[in-house]
Amino acid sequence: MAETPKPQQQQVQIKADEKELLGQYANLVVVHHNAEEFTLNFIYLFPSVPHGKLVGSLILSPAHAKRLAKALQENVSRFEEQFGTLPEGPGPGPEPNVGFVQ
């Protein structure tokens, strides 16, 4: 019996500016969804001041959001195996009431 050839994995090249490679720090993410998409708004809340800044926004298909959730869970598990269990529950301070302004 002849083996079915495996599809070759394609190498993908991604362009990124230095600013994008440095990344942005966010200490809050607000997630919204509807039937077609998930929106993740990454926010930096300033310490001791009731202000924040939107640092990035991602819009994902529901299937991609599910794959992202699985990938995050797998990576958190590996992190905890290496560095110890992370505490669950809210971060420091009360849960903020977030609203966008222009």
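The values are calculated or read from the model by the stated rules, or taken from the named source; none is laboratory data. Because the structure is a prediction, the values reported are computed rather than measured. Methodologically, a virtual Cβ is constructed for each residue, glycine included, from the backbone with ideal geometry; neighbour enumeration extends over all protein chains shown.
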Scanning the stretch 1-50 for residues that are within 17 Å of residue 98 (Cβ to Cβ) and among the small types (Gly, Ala, Ser) gives 26, 48
When the stretch 69-85 is checked residue by residue, the ones that are of a type in the set (Ser, Thr, Tyr) and within 26 Å of residue 59 (Cα to Cα) are 77
Point to revise | Flag for residue 71 being of a type in the set (A, V, I, L, M), farther than 16 Å from residue 96 by Cβ and over 12 Å from the mean Cα position of the chain (by Cα) | key: no
Residue 37 being touching a Ser or Thr at 6+ places or on another chain (Cβ under 9 Å) and charged (D, E, K, R)
yes
Scanning the stretch 83-102 residue by residue, the ones that are modelled with pLDDT of 80 or more and either among the small types (Gly, Ala, Ser) or surrounded by 10 or more Cβ atoms within 10 Å (Cβ to Cβ) (or both) total 1
